[in-house]
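Have a look at the structure below, then the notes.
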């Protein structure tokens, strides 16, 4: 039975059962008493409708998505079937999954009949826990990052969270670094304690796609979990993160897939990921904590990946310089604003209006040298995309809501922008400026 038809049937049964309950009620002594109570036909009909509506609403308090007792065997939705037909995909062809924390996105890629993979669908992650960065230990409620292989043994058709599959954390890379954790999954129920949680309806399709790929002969499918889309813009925005070296390694695997459009072969040696590598001596294995054996990567793949990484690095350097210059301008602006606030609030009579005007110049005015360095489109640095309500456990420092001193209040009356003046400085130093007002035209 099709999913839409089953829903219609359930709705019909709810209404019919409510009618039967109402008829039985009217045949009871209480119902006969109600019928003989002098209610008009119209009032009695209204009462019956209210009872029927109450029965329907009570029945709708069940789970958000109900697939029946055989939920693990349900086919994919009609919309997914149409997309597979449009993209020339077999229902049992292999799949691959990519996860992006910051964007709260889960992508399902599927092999077409040409042998390459195409994006089949993108699902919005309902909740994920922790913050950007890998998982380190059991109980830190951190969703993992890395490359994981999902076998049929890791599928859970009887999950308490509708349907689920285990990521297989910790993998050989995680174990080589002493990382611990268990039961890290992609599941339904929209509840996360270190997992990637979807809605029941979403995980129903994801689970069905994985199940069908195993039926088609795929022995395992790959899950690539990233902190964000590994673009130069995002790498530059997070350039000061303690996890940058780890993310650069993940980006290499990301680039392999972007170039080849097939999941890279994952190996681990010397406690690092190695992608699409083949040992030069047949039968010599990769061992996670041991020295890497002699290996090679296909020259065509290695050349293409190196070219992409060179372009990305050039853009990264440009963006990093631009962001550093912006941060430095902001820092200088805050320092000057604080000094000016102290001077104005301290009642100095010899404050030079010209200096004050120069000091309050907009902080985004960029010197010529910095402009030349930062010749990058403004849209190259998008704001972080995080779905409101996602379970990202991070700390936010509350803003100071105190009334402030007379220094800050006086400064607000004169300069209606910029941060509040620091109240820690005891003395007022000389006010300096690097900005010279333009000469007025004659």
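Only one of the numbered conditions (1) touching a strand residue (DSSP E or B) at 6+ places or on another chain (Cβ under 6 Å); (2) loosely packed, with under 12 Cβ neighbours inside 10 Å is violated by residue 299, and that is (1).
For residue 165, are the conditions met, namely being touching a helix residue (DSSP H, G or I) at 6+ places or on another chain (Cβ under 6 Å), part of a strand (DSSP E or B) and under 26 Å from residue 275 (Cα atoms)?
Details: touching a helix residue (DSSP H, G or I) at 6+ places or on another chain (Cβ under 6 Å): yes; part of a strand (DSSP E or B): yes; under 26 Å from residue 275 (Cα atoms): yes.
When the stated conditions are applied, residue 165 passes them.
Taking the listed residues 308, 272, the one that is touching a residue at least 24 places away in the same chain (Cβ under 8 Å), in the same structural domain as residue 233 (by TED's automatic domain parsing) and out of contact with any strand residue (DSSP E or B) (no Cβ under 9 Å at 6 or more places or on another chain) is 272, with no other qualifying.
Let's see how each residue does on (1) within 16 Å of residue 320 (Cβ to Cβ); (2) touching a helix residue (DSSP H, G or I) at 6+ places or on another chain (Cβ under 6 Å); (3) outside any loop (DSSP other than H, G, I, E, B):
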position	(1), (2), (3)
219	no, no, no
233	yes, yes, yes
255	no, yes, yes
259	no, yes, yes
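Does residue 315 satisfy being touching a residue at least 60 places away in the same chain (Cβ under 8 Å) and either part of a loop (DSSP other than H, G, I, E, B) or under 28 Å from the mean Cα position of the chain (by Cα) (or both)? Working first, answer last.
On the way: touching a residue at least 60 places away in the same chain (Cβ under 8 Å): yes; either part of a loop (DSSP other than H, G, I, E, B) or under 28 Å from the mean Cα position of the chain (by Cα) (or both): yes.
Yes, satisfied.
Of the numbered criteria (1) out of contact with any helix residue (DSSP H, G or I) (no Cβ under 9 Å at 6 or more places or on another chain); (2) within 21 Å of residue 128 (Cα to Cα), the one residue 229 fails is (1).
The values are calculated or read from the model by the stated rules, or taken from the named source; none is laboratory data. Model, not experiment: these values are computed from the prediction. Cβ coordinates were reconstructed from backbone atoms using ideal geometry, including for glycine residues, and neighbour counts include every protein chain displayed.
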